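The values are calculated or read from the model by the stated rules, or taken from the named source; none is laboratory data. Note that the coordinates shown come from a computational prediction; the quantities given were computed from them, not determined experimentally. Every residue, glycine among them, receives a Cβ derived from its backbone with ideal geometry; neighbour counts consider all protein chains shown.
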Amino acid sequence: MAKQLIHSEENFIIPSTGLKEYIAGLASRYGVTYVKTPHDELAEVITRLADDDVEMDKFELLLIALERAGVIASKNVVPLHVSYLQEKLNVRPI
């Protein structure tokens, strides 16, 4: 059975500013929290073995949780994550 998305592809609009607040607000509104899974632990081990240095902050982890909970469609997570990182790192989009 497919998940019923709360924010479908058709009505999903990424805000241009305030991404931290937007992500935290969605999580709060729908009672979503990040819970590490065995797959997450495996991904951390693989990343470490590959000698990569990837450390996700609490908002990035909330994005994962929001997708898992069906609040945000998978295809919208990457654009939202990119926008969040651009804002966080103060990088202007091309």
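Details
- When residues of the range 52-86 are limited to those that are basic (Lys, Arg) and under 16 Å from residue 34 (Cβ atoms), the one surrounded by the most Cβ atoms within 10 Å (Cβ to Cβ): 68
- Of all residues in the range 43-76 being among the aliphatic types (A, V, I, L, M) and modelled with pLDDT of 95 or more, the one that is farthest from residue 20 (Cα to Cα): 69
- Listed by first and then second residue, the pairs linking a residue in the range 47-64 that is in contact (Cβ under 8 Å) with a residue 24 or more places away in the chain to a residue that is small (Gly, Ala, Ser), with Cβ atoms under 8 Å apart and 6 or more places separating them unless they lie on different chains, are 59/24; 62/24; 62/27.
- Residues in the range 23-39 that are surrounded by 10 or more Cβ atoms within 10 Å (Cβ to Cβ) and free of Cβ contacts under 8 Å to residues at least 24 places away in the same chain: 25, 28, 29, 36, 37.
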